[in-house]
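K.L.:
Below is one structure. I have some questions about it.
The values are calculated or read from the model by the stated rules, or taken from the named source; none is laboratory data. No experiment lies behind these values; they were computed from the predicted model shown. Backbone-built Cβ (ideal geometry, glycine too); neighbour counts: all protein chains shown.
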Amino acid sequence: MSGRVLLAVAVALVLAAVALTRVLENQYYYFATYVILQYVVLATAWNILGGYTGYVNFGSAAFFATGAYTAAVLIKAVAAPFPVLLAAGGLVAGLLGLGIGYLTLRLRGVFFAIATLALAVVLQTLVVNWGYVGGSRGIYTLRPARVPFFDNYVEFLFVVMVVLALGALATAWWIERSWIGRGLVAIRDNEEAAECMGVPTLRLKLVATTVSGALMGVAGAPFPYYLTYMEPTSAFNLDYAINSLAMPMIGGTTTWVGPLVGAVLLGAAQQVATVTISSALNLLIVGLVVVAFVFLAPEGIVGLFRRWRARARA
Amino acid sequence: MFSLDLLTDAVVAGILLGGFYAAVSLGITLAFGLLDIVNIAHPAFVILGAYGAYVGNSRLGLDPIVAGLLGMPVFFLLGIVVYRVYYASFEKRGDESLRGLVFFFGIIFIIEVSLLLQYGVDYRSVDAAYVSATLELGPITLPFRLAIPFAVALGLTLLLHLFLSRTFWGRAVKAVSQDHLALRLMGASPVRVKALAFAIAIATTSLAGALLIMIGPIEPSVGREYIGRVFAIAVLGGMGSIGGTLAASLILGVLESLTSTFYGPSWALAVSFGILLVVLAVRPAGLFGR
Amino acid sequence: MVRHRRPGIRTRIIVMALIATFALWGATAPAALAAGPIKIGFGMALTGALAGNGKAALIAMQMWAEDVNKKGGLLGRKVELVYYDDQTKPATVPGIYTKLLDVDKVDLVVSGYGTNVIAPAMPIVMERKLAFVTLFGMAVNEKFNYPYYFQIMPTGPEPLTDWSKGFFEVAMKQSPKPKTVAIAAADSEFAQNAAAGARQNAKKYGLRIVYDKAYPPPTADFTPIVRAIQATNPDLVYVASYPPDSVGMIRAAHEVGLKPRMFGGGMVGPQYASLQTALGPLLNGIVNYHFFVPEPSLKFPGIDAFLKTYQERASGAGVDQLGYYLPPFAYAYLQILGQAVEATKGLDQKKIGEYIRANTFDTVVGKVKFAPNGEWAKTRVLMVQFQGIESSDLSQFAGPGRRAVLYPEEWKSGSIVYPYEKAKR
């Protein structure tokens, strides 16, 4: 599919989203879709490092919360305008990714995974002890009373998240096609061989961690306004780590489409379950679905689709 | 507020706690250190073991440690089953890094939610005569609640160490992590050996769980706090070294205790993980790694 | 010859995903509008960290709905509770409340349990100008200043300091007067708020703070903390903790032999049946907050019947067996809403809000009147001392006698045994 066609589709989607806000009053759909789109960004970001490169990140929450708290600090200190929040969130989280990558990427992948886990704990402790953002008492960030063009702030956040999701997908699409993507795949398949062939593995891995972290931070930047009350336990919630890992697994880790499919399906399922089944079974279902996919569809839905298509052709 | 008494107390408390951490981490050293199986569900099994001890204690009136010991054969079998599934679906195909990980993630969920559905979120604890008692050793007060888990943990560590170094199967376990082929030539099936080792690792969680519920009340999600700790200890101790695990656990326990006492408990967890990050950056083989 | 390109595999996947999404959305489409019952919507913690209390609260709320319906309902219509599990996760709250209001079209909303889930609902409630009675949040309205916010937790008009005021007032009445205090609090929202209030109170009463540290909730062992506290030799020890930490603190205090003159304050946990049986006599002497104990001075109309029914339902449901903490208040906050609806003869949110602001209500937890900021006009955080507990038997806690109410004066039911050393036995 050519880049130009995809770009046209993306622009059309954004316009459709904006048009929707003129028509649809029901705020529930905006909130629910916001969460799903947020996961599209997180899953895509995770996949750049996890699926393309083969390095598992357990600490997605750390990057997400970094973006969220950077935004909160800027809101509190200088009431920064929204685009600044996004940029700052992405920048700080990206630097974090770079840092953690530099520290640990020279080791085997599994050590990287453990390091990301450690990172989440250390960061959470730092935030909890930081009085300026309220520590564990949390921080209130009231939404601006008015936002230009939109009826209310929720619709604005929704459109922002649509744009961010498309941006993340575009980034993944571009990486996949570029020399960076090819290098990452080489690393995933056999890192030693790639090194021997002259692939700059460390540099590429650092690019992947930085981009992945930055995207997660950008997803987190609107969070303070989405909830208006944020405290460390909810910002660093394990859910973010679990979902950003499960969604690409379910959707398929080898292309940019996989995380999208996984995020939409699993995210929608979770949203629906929250307002229907609504009990501990909700969590059980996530666990079972993930395990089922891992057994039955190791390449995710994308993989299933490919196999089905190949069989249909043969 | 520095005083020698406070320091000694902090160190002693840290050592006792560290012993308990060792009991929880031994299984990871076996599974992850020696066999390269990233069983992040290990703490969930520990919670399962803790509930097992709870049931044994509340329904059958058993001493929690006895309940934990009785649970070990059951957990052993469970470990074999889990390993066989893991092997057949992932290890054989070489898929284990990512998908095996997710498989264990799913297991965490299944265990936690099943416990949740069965026992609810109320905190559970055990009733044992000695749980609140203390032992005075000169200037030091040892609470039994911590001292007994420490003693049991030491015993477990010793047993495991002897098993790995003195018995045929134990040596086979160490061998399988180093050289499959040579092991085959010696007449042992690598898969069976690995299943044995994994099963032992899971069996330890039964006892570790019993110790956990002795130290404090539990509810299904308590295990998540330990995921990071046990891997930190395994890495710090050097993958696969039993003695290293014990040393690392003690170090971590003392560090946490000292930070807690002198700088504020808030920082204790961050310190341990900070150390882990530093070790990973500087000496990934850990303190005693091969 | 023109060759039509079939849509690529990726397009098809995207289309399928979109179809699947919309199909799932269809599943949540609103049911046909029923003109009959009055629907009251809320999120409640049925799973997650606060589920123990959340489930207990739900039982009480369902009891209220049944009681009201038995008497003919509200305004002649049956009452129906529409609720979803908020999983103790703030992120679910905006979605849940907009679903309740926009899709399920509930007539009234009340809050879930805890600051974390009340705060995210505020913008939605404020935007639509709804009357909002809330269940146990700490000083949420300080930032929002919403006139129709009402809090059923009896903290008092200055929630942060009223919370611990009782502990300090009781302490300062003793002789010799205490001079120093140690404050230990869990690193989480409620405990930190309580500690902040305790610090202000300490300053107000001229006490020197000799220890003031927070600890992370997943702390396995409290001995280092308690030893550090003991090293500062405080007269008072104020602890703000959650159930597992409360147990850990109390056990460690006994092991270390902590000897302050007064110990306790803001521990969550000793109000629960499960902890009372776990700790038993270790609780003796602790002076801690509570909202309701079955002491003769607190015999409110209806409370006995409520507790009896609740306890029947709670057995086997995996929730607190005695129900002295949250359930009576969960029942009461619905009582207030119901009475306001009846009094204003309608569902006009503004009228309901104004009515609640202006009136005093009779509930199972006594007379309730709100201050302009939505908190209770008069504080009723009880300071209770555990006395005379001999074993782990639950029946000791099922009636009066073991928890003497020391403060406020008008609810006093016993006297303090002071210092803590004496009361420990």
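K.L.:
Residues that are within 14 Å of chain C (Cβ to nearest Cβ) and among the acidic types (Asp, Glu): list the helices (runs of 4 or more DSSP H) wholly contained in region A:144-251 that include at least 1 such residues.
P.N.:
Hits in region A:144-251: A:153-177, A:238-251.
K.L.:
So, one more: Here is a list: C:228, C:195, C:185. Which entry is of a type in the set (A, V, I, L, M), free of Cβ contacts under 8 Å to residues at least 60 places away in the same chain and either closer than 25 Å to residue A:128 by Cα or more than 14 Å from chain B (Cβ to nearest Cβ) (or both)?
P.N.:
None of the others qualify; the one that does is C:228.
K.L.:
Show the residue pairs that are 6+ apart or on different chains and have beta-carbon atoms under 9 Å apart, the first residue being within region C:278-300 and farther than 19 Å from residue C:409 by Cβ, the second being part of a helix (DSSP H, G or I) and among the aromatic types (Phe, Trp, Tyr).
P.N.:
C:285/C:420; C:286/C:420; C:294/C:397
K.L.:
Another question about this same structure. For region B:192-207, state whether one or more residues are modelled with pLDDT of 80 or more, surrounded by 19 or more Cβ atoms within 10 Å (Cβ to Cβ), out of contact with any Pro (no Cβ under 6 Å at 6 or more places or on another chain) and within 14 Å of chain C (Cβ to nearest Cβ).
P.N.:
The answer is no; no qualifying residue exists.
K.L.:
From B:79, B:14, B:33, B:52, which residue is within 14 Å of chain C (Cβ to nearest Cβ) and either of a type outside the set (Phe, Trp, Tyr) or not in a helix (DSSP H, G or I) (or both)?
P.N.:
B:14
K.L.:
Sticking with this structure for a sec: Can you find, within region A:140-159, the residue that is surrounded by the fewest Cβ atoms within 10 Å (Cβ to Cβ) among those that are among the β-branched types (Val, Ile, Thr) and over 30 Å from residue A:125 (Cβ atoms)?
P.N.:
Among those residues, the one meeting the criterion is A:147.
K.L.:
For region C:92-115, what are the residues that are without any contact (Cβ under 8 Å) to a residue 24 or more places away in the chain and surrounded by fewer than 24 Cβ atoms within 10 Å (Cβ to Cβ)?
P.N.:
C:102
K.L.:
While we're looking at this one, here's another question. Out of A:111, A:31, A:58, A:64, I need the residue that is closer than 25 Å to residue B:37 by Cβ and either surrounded by fewer than 24 Cβ atoms within 10 Å (Cβ to Cβ) or within 14 Å of chain C (Cβ to nearest Cβ) (or both). Which one?
P.N.:
A:111
K.L.:
Considering (1) closer than 13 Å to residue B:104 by Cα; (2) assigned to a helix (DSSP H, G or I), say which one residue B:67 fails and leave the rest.
P.N.:
Of everything listed in (1) closer than 13 Å to residue B:104 by Cα; (2) assigned to a helix (DSSP H, G or I), residue B:67 misses just condition (1).
K.L.:
Pull out all pairs, ordered by first then second residue, where Cβ-Cβ is under 8 Å, the residues are six or more apart or on different chains, the first lies in region A:160-188 and is of a type in the set (Ser, Thr, Tyr), and the second is modelled with pLDDT of 90 or more and assigned to a helix (DSSP H, G or I).
P.N.:
A:171/A:44; A:171/A:48; A:171/A:211; A:171/A:215
Listed here are the residues, each with its yes/no results for (1) over 26 Å from residue B:68 (Cα atoms); (2) among the basic types (Lys, Arg).
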{"residue": "B:211", "(1), (2)": "no, no"}
{"residue": "B:217", "(1), (2)": "no, no"}
{"residue": "B:221", "(1), (2)": "no, no"}
{"residue": "B:224", "(1), (2)": "no, yes"}
{"residue": "B:231", "(1), (2)": "no, no"}
{"residue": "B:247", "(1), (2)": "no, no"}
{"residue": "B:250", "(1), (2)": "no, no"}
{"residue": "B:276", "(1), (2)": "yes, no"}
{"residue": "B:286", "(1), (2)": "yes, no"}
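K.L.:
Okay, moving on. Does residue C:293 satisfy being outside any helix (DSSP H, G or I) and of a type in the set (Val, Ile, Thr)?
P.N.:
Yes: the conditions hold for residue C:293.
K.L.:
Can you tell me which residue in region C:213-234 is farthest from the chain's Cα centre (by Cα), limited to those that are of a type in the set (A, V, I, L, M) and not in a loop (DSSP other than H, G, I, E, B)?
P.N.:
If we take residues in region C:213-234 being of a type in the set (A, V, I, L, M) and not in a loop (DSSP other than H, G, I, E, B), then C:231 is farthest from the chain's Cα centre (by Cα).
K.L.:
Among the residues of region B:120-143, is there at least one that is within 14 Å of chain A (Cβ to nearest Cβ) and at pLDDT 85 or above?
P.N.:
No: zero hits.
K.L.:
What are the residues in region C:75-100 that are within 8 Å of another protein chain (Cβ to nearest Cβ) and part of a helix (DSSP H, G or I), if any?
P.N.:
Result: C:90, C:91, C:92, C:93, C:94, C:95, C:96, C:98, C:99.
K.L.:
Residue check: is residue A:91 surrounded by fewer than 19 Cβ atoms within 10 Å (Cβ to Cβ) and farther than 21 Å from residue B:270 by Cα?
P.N.:
Here the answer is yes, as residue A:91 does meet what is asked.
K.L.:
For residue C:259, work out the one condition from (1) in a helix (DSSP H, G or I); (2) surrounded by fewer than 24 Cβ atoms within 10 Å (Cβ to Cβ); (3) more than 7 Å from every other protein chain (Cβ to nearest Cβ) it doesn't fulfil.
P.N.:
(1)
K.L.:
Which of the residues spanning region C:371-403 are of a type in the set (Gly, Ala, Ser) and surrounded by fewer than 21 Cβ atoms within 10 Å (Cβ to Cβ)?
P.N.:
Of everything in region C:371-403, those that are of a type in the set (Gly, Ala, Ser) and surrounded by fewer than 21 Cβ atoms within 10 Å (Cβ to Cβ) turn out to be C:371, C:377, C:388, C:391, C:392, C:395, C:398, C:399, C:401.
K.L.:
Considering only region B:251-290, how many residues are within 16 Å of residue B:9 (Cβ to Cβ) and touching a residue at least 12 places away in the same chain (Cβ under 8 Å)?
P.N.:
11
K.L.:
Identify, by number, the condition in (1) away from chain B (no Cβ under 14 Å); (2) surrounded by 20 or more Cβ atoms within 10 Å (Cβ to Cβ) that residue A:137 doesn't meet.
P.N.:
Condition not satisfied by residue A:137: (1).
K.L.:
What do you reckon, is residue B:74 more than 18 Å from the chain's Cα centre (by Cα), part of a helix (DSSP H, G or I) and hydrophobic (A, V, I, L, M, F, W, C)?
P.N.:
Against the criterion (more than 18 Å from the chain's Cα centre (by Cα), part of a helix (DSSP H, G or I) and hydrophobic (A, V, I, L, M, F, W, C)), residue B:74 does not qualify.
K.L.:
So which of A:94, A:59, A:101, A:90 is over 26 Å from residue A:138 (Cβ atoms), under 18 Å from the mean Cα position of the chain (by Cα) and of a type in the set (Gly, Ala, Ser)?
P.N.:
Being over 26 Å from residue A:138 (Cβ atoms), under 18 Å from the mean Cα position of the chain (by Cα) and of a type in the set (Gly, Ala, Ser) holds for just one of A:94, A:59, A:101, A:90, which is A:101.
K.L.:
Shifting gears a bit: Yes or no: residue C:118 part of a helix (DSSP H, G or I), closer than 14 Å to residue C:44 by Cα, free of Cβ contacts under 8 Å to residues at least 60 places away in the same chain and in contact with a Ser or Thr (Cβ under 7 Å, 6 or more places away or on another chain)?
P.N.:
Criteria met by residue C:118.
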